[in-house]
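**Student:** Just dropping this structure here.
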Amino acid sequence: MLELRTVPYDHPDVGRLVRGVQAEYVQRYGGEDATPVEPGEFARPRGAFVVGYVDGRPVACGGWRARDALHGDGVLRDGDAEIKRMFVPAGHRGRGFARAVLAELERIAAAAGRRRTVLETGTRQPEAITLYTSAGYTPVEPFGVYRDAPGCRCFAKHLSSTGPRLPHVFRNTLP
């Protein structure tokens, strides 16, 4: 069973998983994600970071940070939550862990008053695009650091005030 915990971005398990996602980007794109990320952006009430554990081992992660129209691009709106650093190591893929983390991020963001989630990914991550579109995300104009990159794909999803529920996932949300 997957246990989801809200943890600080500077937690050691987050560091290990983020290094894993950055290595994945190097393999797929030839370099790490250059999007500026500050740990404080993933602190409540304007963000959160979730790690999924199986038998006490970190196997999935993702976070959201508040984004509003003032962050530019003309795509972002007041009330947006940007999904960042979604990752499941190769040996744990195909079990629904990314979907569970994404649903939890959407739930937490909606509970914090965010109205829409937005994200950017790339064409060299077809499994991510499949996950997001199957979870109800629709394409939007590119935004962010990679908005002019040919393989950049951006998506958004309107959130409900109740958020999705996953009965097979244990949530342990820390303050």
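Read-outs: derived from the displayed coordinates by stated rules, not from any lab. Quick caveat: nothing in here was measured; it's all calculated off a predicted structure. Counting neighbours? That spans all protein chains shown, and the Cβs are built from the backbone with ideal geometry, glycine included.
**Student:** Find how much the distance from residue 124 to residue 149 grows on full extension, using 0.36 nm per residue of separation minus their present alpha carbon separation; answer in nm with one decimal.
**Tutor:** Net length gain for the segment: 7.8 nm.
**Student:** With an 8 Å cut-off on Cα pairs and a minimum separation of 6 or more residues, tell me the relative contact order of the chain in percent. Intermediate results must be reported in sequence, preceding the final value.
**Tutor:** On the way: 341 pairs, mean separation 43.4, N = 175.
Value for the chain: 25 percent.
**Student:** Continuing with this model, one more query. Considering only the other residues whose Cβ falls under 10 Å of the Cβ of residue 79, what net charge follows from Lys and Arg at +1 and Asp and Glu at -1?
**Tutor:** Charge balance near residue 79 sits at +2.
**Student:** Pick from 126, 139, 36: which residue has the top mean-square fluctuation in a GNM of the chain where Cα pairs under 10 Å get a spring?
**Tutor:** Judging by the Gaussian network model, the answer is 36.
**Student:** Just 82, 120, 32 to compare: in a GNM of the chain, with alpha carbon springs under 10 Å, which one fluctuates most?
**Tutor:** Sorting by GNM fluctuation, first place goes to 32.
**Student:** Calculate how large, on average over all directions, the projected area of the Cα convex hull of the chain is; give the answer in nm² to one decimal.
**Tutor:** Seen from a random direction, the Cα hull of the chain projects 9.2 nm² on average.
**Student:** Considering only DSSP beta bridges whose two residues both sit in the stretch 60-165, what percent are antiparallel, to the nearest 5?
**Tutor:** Restricted to the stretch 60-165, the bridges split so that about 85 percent are antiparallel.
**Student:** Shifting gears a bit: Between residue 29 and residue 70, take the C-beta separation as r, use R0 = 30 Å, and let me know the FRET efficiency to the nearest 0.05. Numbers along the way, then the final one.
**Tutor:** On the way: r = 28 Å, r/R0 = 0.95.
That pair, residue 29 with residue 70, gives E of 0.60.
**Student:** Treating only the Cβ of Lys, Arg, Asp and Glu as charged (+1, +1, -1, -1), what charge dipole size does the stretch 3-173 show about its Cα centre? Round to the nearest 20 debye.
**Tutor:** With Lys and Arg at +1 and Asp and Glu at -1, about 480 debye.
**Student:** Next up: Helix-only mean residue ellipticity at 222 nm, the chain, DSSP H runs n ≥ 4 weighted -39,500 (n - 2.57), per residue, nearest 500. What is it? Write down the numbers at each step before the final one.
**Tutor:** Numbers: 3 runs with 42 residues, N = 175.
For the chain, the value works out to -7500 deg cm²/dmol.
**Student:** Still on this structure: Once Lys and Arg get +1 and Asp and Glu get -1 on their Cβ, which of 121, 2, 21 lies farthest toward the positive end of the dipole of the chain?
**Tutor:** Towards the positive end, the residue furthest out is 2.
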